[in-house]
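Here is the structure we will look at, set down as structure tokens.
The values are calculated or read from the model by the stated rules, or taken from the named source; none is laboratory data. What you are looking at is a predicted structure, and each value in this text was computed from that prediction instead of being measured. No Cβ is skipped: glycine too gets one built from the backbone with ideal geometry, and neighbour counts run over all protein chains shown. Protein only, heavy atoms only, side chains kept; ligands, DNA and RNA dropped before computing areas. Shrake-Rupley method; radii C 1.70, N 1.55, O 1.52, S 1.80 Å.
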Amino acid sequence: MAKPRSPKSSKFPTASKGAKAPRPPAGLPDRDTLIAFLRDAGEAAKADIARHFGLKGADRRALREMLRELEAQGALGKRGRRGFAEAGALPPVGVADVVERDADGDLFVRLTKGGEDLPLVRLAPGKGDAAAGGAPGMGDRLLVRFEQLENGDTEARLIKRLGQSAHKVLGVIRKHRRETRVEPVDRKSKESLLLNEQEAKDLKDGDLVLAQVGTASGRYGPKFGKVLEVVGREDHPRAASLIAIYSHGIPTGFSEEAEAEAAAAKPPTLDGRDDLRDLPFVTIDPVDARDHDDAVYAHPDPDAGNVGGWIVWVAIADVAAYVRPGTTLDREAREKGNSVYFPDRVEPMLPEVLSNGLCSLREGENRATLAVRMVFDAQGRKKSHRFVRGLMRSAAKLSYEQAQAAIDGVAPPDGQDADKAGPLLDPILKPLWAAFRLMGKGRDIRSPLAIESDERKIIITKDGEIASITRRPSLEAHKLIEEMMIQANVSAAESLEAKRTPLIYRVHDTPSQEKVMSLVEFLQTLEVKWSKGEAPTTARFNKLLDDTRESPHQAIINEVVLRTQMQAHYSSDNLGHFGLNLARYAHFTSPIRRYADLIVHRALIRALKLGDDGLTDQDISQIKDTAEVITHAERRAMAAERDATDRYIAAFLADRVGATFTGRITGVTRFGLFVKLDETGADGLVPVSSLGEEYFVHDDRMHALVGERTGKRWPLGLAVDIRLREATPVTGGLLFEMLSEPLPADPKAPRPRLGARSKAAVKPRGGLPKGVRRGKRR
């Protein structure tokens, strides 16, 4: 194991012990201050460091030189392509590859984004290998926690085996003359694998295969590969989701043991449950939904002490009654973490006999439920709540469109039953809407973040072909269900905190100082006011969005505000939920498709003494690990869903190469512009090489490419016309050609701050920079 390099002398300021640190020149931090910042942050990119210390112009160039020197000294280490960290510093939790086995059989791991400064770390033998997805082996990719031992050594403790090993590649067979290669479907990977004749003889050009990476064929030649599995064909209509499943290691199917446990489940009875079948609950879901987690019902509060108040019932499928702790079904649900939804298929967290059967709140069928009865006053504030384990029967299954059409007095969309919601209007739907509008008063006082989203839905035919790509409508019915689910989730968190029962929170942190400063600098380029000292609050963000709603910058300000937010995740510690402006929040309402909700159900059952199938001591002992496992699973699912969508859209546009489209610049980088099409919401790249005959400077403060000679600008948010040059369905990549002209130079704008200097007239050697995909930015 390599020893740390000895520090060399530095020309940058250093704070000496016992003496006041010299003032950094022009805001540049001294060596110790910079290292202390990175120690606290864990890791940070150069741009984040510069924003933190308020560096501009020459100071930024000095920072770059400082980082290089400190890295050369061994004081800092690289993390990924852009990040820096204190040398040798390991994160609390990270993704690592098993890269070595010693003579005693112990495994050693290395961080996937680690630099040369990081040592190999011994993987502690774990007792929880089954729950973590099985015992790890050489070449596996793992989610681990790094812990320091009493003797000062560090060891890695397994949290979860991740899907696809770092040494496996999903690719397409390409045959040319007598050579057969595996070309990776990942746009970030440019290295193909060579197959020998024996390996390739039964393979066909266009086969989708999973291959093991072998040794190099020569000093400079490609690596050999071994085909492990033929998973399909690249030209199959449903290949997009198949590629996403294998690329991201989405667990598929269930073991025989799990299927048998699910099949053994019995219909619910009234034993130990309250009878709620006289309450006319309804489910309101997407028209194609098959797993119905939740049902709702509302009526005026008869209590004379709560005049104008309402009672809202939210009934949730009692999945905990069927998925018991310690079973194979439970272990596999934890590994999956959540259901994954693709345009053409669903990879469920639970077997279909439960997810679409006994756990689904089907119309007219008895179902086990964990329900919450919530009382709201005339101002829309929740006064109290009570959880009930009961037996219910859904009065009706409605789509969002059916419910909304009944309230609006219009016909639902074609193909949906126009008569079904009518009889429910007065007894069920009107009371629900009245309760929702009352709850809206409380929501307005709370002022959650009101970012607008433009979601698209890909319509797939029975043959797997794309029929159309449409905008998802935003209906009042969606908001009704959303608000009632939020209040039920809050009730769950409040009850568990009151009983001091451990739980998994859904947390969303306040935007970081660096992100807010970046937003402020961008708003200044649009002459939109936000004082640098203003604290970020949901009310302040909403005011910004309201003030600019009628301006030409509305769409891009909405996008930049969204990017300023932190990413929500699961945690055993309560950080609050910034976006919803809530002090405590947990996911309770979707246990069929989210493991987090199942844990919260078990916690409620234990805390409120609603049965003997609640949270176990083992569940509690590993609740921190579970939060990390399901956070990873959620992000894995989101990435797979995005990639499948990209590939479906690329396939949809493949026969329109050469066509022109309108769009908007949604990303500005040193190597080009990312444009989102108005028609389909597709994202693609306009390479800097196609933008004109001059050098362009990436001004990260203005979020623009600026011509070094003319000052002409390609800013974030600019509406443009483009031509589709290339669509690659197997990777999901779209390449555009710019047809619009840049904005003229802004005489009031400051000199562009030096970012990356890119010559548009000359395409970078070797195509796009390493790690850049032809398509959507991640």
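Observations on the model:
- Full extension of the chain segment joining Asp509 with Phe37 gains 168.0 nm, where the gain is 0.36 nm per residue of separation less the Cα-Cα distance.
- Farthest towards the positive end of the charge dipole of the range 445-509, among the residues Ile460, Ile504, Met484, is the Cα of Ile504, using unit charges on the Cβ of Lys, Arg, Asp and Glu.
- Segments 62-73, 652-663 sorted - mean Cβ within 10 Å per residue, highest first: 62-73, 652-663
- In terms of the mean number of neighbouring beta-carbon atoms within 10 Å, the peptides 338-349, 174-185 order highest first as 338-349, 174-185.
- The residue list Pro591, Ala89, His553 was ranked by how far each Cα lies along the charge dipole of the chain toward its positive end, using unit charges on Cβ atoms, and Ala89 comes out on top.
- Note on percent of Cα pairs over 52 Å apart: of the candidates [x] 13; [y] 16; [z] 54, the value calculated from this structure sits at [y].
- Percent accessible area from carbon and sulfur atoms, the range 415-532, protein chains only, probe 1.4 Å: 47 percent
- Summing Cβ point charges (Lys, Arg +1; Asp, Glu -1) relative to the Cα centre of the chain gives a dipole of roughly 3240 debye.
- Ordering of 378-388, 268-278 by burial proxy (mean other Cβ atoms within 10 Å per residue, highest first): 378-388, 268-278
- For the range 429-477, the Cβ-based charge dipole about the Cα centre amounts to some 300 debye (Lys, Arg positive; Asp, Glu negative; other atoms uncharged).
- Loop-resident sites, the range 500-543, for trypsin sites (Lys or Arg not before Pro), counting at most 11 other Cβ within 10 Å (DSSP): Arg500, Lys529, Lys532
- Exceeding the 27 Å Cα-Cα cut-off - candidates Lys160/Lys201; Lys113/Lys676; Lys382/Lys457; Lys168/Lys204; Lys266/Lys336: Lys160/Lys201; Lys113/Lys676; Lys382/Lys457
- Here the contact order of the chain, divided by its residue count and restricted to Cα pairs under 8 Å and six or more residues apart, works out to 10 percent.
- Fraction of antiparallel bridges per DSSP, the chain only, in percent to nearest 5: 90 percent
- Accessible area (Å², per residue) of the chain, counting only protein heavy atoms and a probe of 1.4 Å: 47 Å²
- By accessible area with a 1.4 Å probe, ligands and nucleic acids excluded, highest first: order of Phe84, Phe281: Phe84, Phe281
- Over 27 Å between alpha carbons, listed pairs Lys56/Lys748; Lys383/Lys430; Lys420/Lys441: Lys420/Lys441
- Short-range pairs are left out: with C-alpha atoms under 8 Å and at least six residues apart, the relative contact order of the range 397-507 is 21 percent.
- Magnitude of the charge dipole, the range 242-291, Cβ model with Lys/Arg +1 and Asp/Glu -1, debye to 20: 100 debye
- Relative contact order (%) - the range 505-574, alpha-carbon pairs under 8 angstrom, separation at least six: 62 percent
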